[in-house]
Amino acid sequence: MASLVPGMRRLVYQAPTRFFACNQCLARQPTATSRIVSLVRWRGYASQASPQPTTPLNKLAQDMYTRAPAKEAEKVKRAFPETSSKGVAYWLLGSAASVFGIVVFGGLTRLTESGLSITEWRPVTGSRPPMTAEDWDSEFEKYRASPEFKLLNPHMTLDEFKKIYFMEWGHRLWGRFVGMSFVLPAVYFVARRRVSPKMALNLLGISTLIGFQGFIGWWMVKSGLKDDLFAPGSHPRVSQYRLTTHLGTAFICYSWMLVSALSILRAHSMRANPKAALDTIKAIQNPALNVFRRTAFGMVALVFITAMSGGLVAGLDAGLIYNEFPKMGLGLTPPKSELFDKFYSRKEDRSDLWWRNMLENPSTVQMDHRILAVSTFTAILALYAYSRTGRVAAVLPKGAKKGSLGLVHLVTMQAALGISTLIYMVPIPLAAAHQAGSLAVLTGALVLAQRMHVPRPTVRMLERRLKSMKH
């Protein structure tokens, strides 16, 4: 019993006071406030209450209150937006216009036979032209060692050399401008979170393609500086394969910029009225438009292939033969023995006869380009006629109807330019306009295809926006 007394005494001292006080005394005592209630009171009435002494609890509450919004704002600032800025779209359109211009100027460089005037590739120091007489003599001496000077221009003077030199130098300088005016703003837009994550990847891809295009350009020029890449005594020229690759890369770069810009502008336009945008998307997805939609996408591929066959024609100077239309000589096509000449085969079993003639025989290459051009022209006319008949005309959106009509206008102009270029034996103004026309037709095809397709992320974004507007 004596051993239980100390334990009972400690229990009494440690027990809560409410067990040993009356209810009236407890009612008069102030209630204890929790940390959460204190934090709420401090946030609501701190500005009105009189200054209170700083305590560890008050300081902790104040830090929590001030740091939380700052962290939230910093998190929002670092996140990529759902839709890229309109300024990015306008910049992409300007970059696409610059690429359009350099494609046309590159055609002029080829037509004036200026592309082989600079025999070195200096990406950095090459941006500065020769400034002194010694510099010009040095450049001219390098050109004199090239096959083009020895076989074509043995009597060229220094003043004549300066003209073709500045054409090629201007083309290369423009290429550097395209690269710098795209890569630097792209880095800025991504760093400042002005683009969506998908658009950031697009900008990275385009920047890489631009850098690769510079390498392809020199790879193409290099092919015209060696005697072993063309037959002895023939016209010195760059490889038609490399020329077409250079042209195709430029077309892809232009298309990528254009489609990216149009997608941003379209997303902003749809965000302004999500309900109307979703109704338009529903109309585009109508099963009656499946054939039209697929044909529109196929038209982009057909126009691109036709343009690339034109690159082969340019590389082989195939436009300087059979300068008549629609016939080629005595008939619609040259003789079979000319189209599939054994001269172009390099294997004993002639297994490469057909494809080498298709890509290296000027007669066959021109005939292929004619067939593709006529096929593209008739296909676009047929697509336009299809868009105005039956169920398609009733459900086809107004923008798609305008796009198909615009494409008809562009391809008609391009056909007239192509025939004129051929009949008049490739004059420089017509040939340059014909090359610009091919890019214009591709633009029309891309616009039409873009109007017939809406990416799924855009649809989900519109649905979320419409739902938030209802709430």
(request) From largest accessible area down, sort LYS162, LYS86, LYS150, LYS336; use a 1.4 Å probe on the protein chains. (result) LYS336, LYS150, LYS86, LYS162
(message) Apply the Karplus curve 6.51 cos²θ - 1.76 cosθ + 1.60, θ = phi - 60°, to the phi angles in segment 204-209 and return the couplings in whole Hz, x for Gly and Pro.
(response) 5, x, 5, 4, 5, 5
(message) Can you compute 3J(HN,Hα) from phi for each residue in segment 81-89, using the Karplus curve 6.51 cos²θ - 1.76 cosθ + 1.60 with θ = phi - 60°, rounded to whole Hz and x for Gly and Pro?
(response) x, 6, 10, 5, 5, 5, x, 5, 5
(request) May I ask you to rank PHE149, PHE177, PHE161 by accessible area, largest first, using a 1.4 Å probe over the protein chains only? (result) PHE177, PHE149, PHE161
(request) Go through 386-399, 351-364 and give me the packing order, highest mean Cβ count within 10 Å leading. (result) 351-364, 386-399
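At 1.4 Å probe size, put LEU204, LEU302, LEU462 in order of accessible surface, largest to smallest.
Largest accessible area first, the list is LEU204, LEU302, LEU462.
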(request) Assign one of three labels to segment 346-441, namely rounded, prolate or oblate, based on the Cα gyration tensor with a ≥ b ≥ c the square roots of its eigenvalues; rounded applies when a/c is under 1.5, prolate when it is not and a/b is larger than b/c, and oblate otherwise. (result) oblate
(request) Only Lys, Arg, Asp and Glu count, each charged at its Cβ (+1, +1, -1, -1), so figure out the dipole size of segment 355-453 about its Cα centre, rounded to 20 debye. (result) 540 debye
(request) Return the carbon/sulfur percentage of the accessible area of segment 244-359, one whole number, probe 1.4 Å, all protein chains in place. (result) 63 percent
(request) Using the Karplus curve 6.51 cos²θ - 1.76 cosθ + 1.60 with θ = phi - 60°, work out ³J(HN,Hα) for each residue of segment 120-127 in order, rounded to whole Hz, and write x for Gly and Pro. (result) 10, 10, 10, x, 9, 6, x, 6
(message) Could you report the accessible area of LYS198 in Å², rounded to 10, computed with a 1.4 Å probe on the protein chains as they sit in the structure?
(response) 130 Å²
(message) Quick query: amide H of MET328 versus all other amide H atoms, modeled in the peptide plane; which residues come in under 5 Å with a sequence gap of 5 or more or a different chain?
(response) THR333
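The values are calculated or read from the model by the stated rules, or taken from the named source; none is laboratory data. None of the values given here were measured: they were computed from a predicted structure. Positions of Cβ are generated from backbone atoms using ideal geometry, with glycine treated the same way; all protein chains shown enter the neighbour counts. Accessible surface areas use protein heavy atoms only, side chains included; no ligands, DNA or RNA. Shrake-Rupley method; radii C 1.70, N 1.55, O 1.52, S 1.80 Å.
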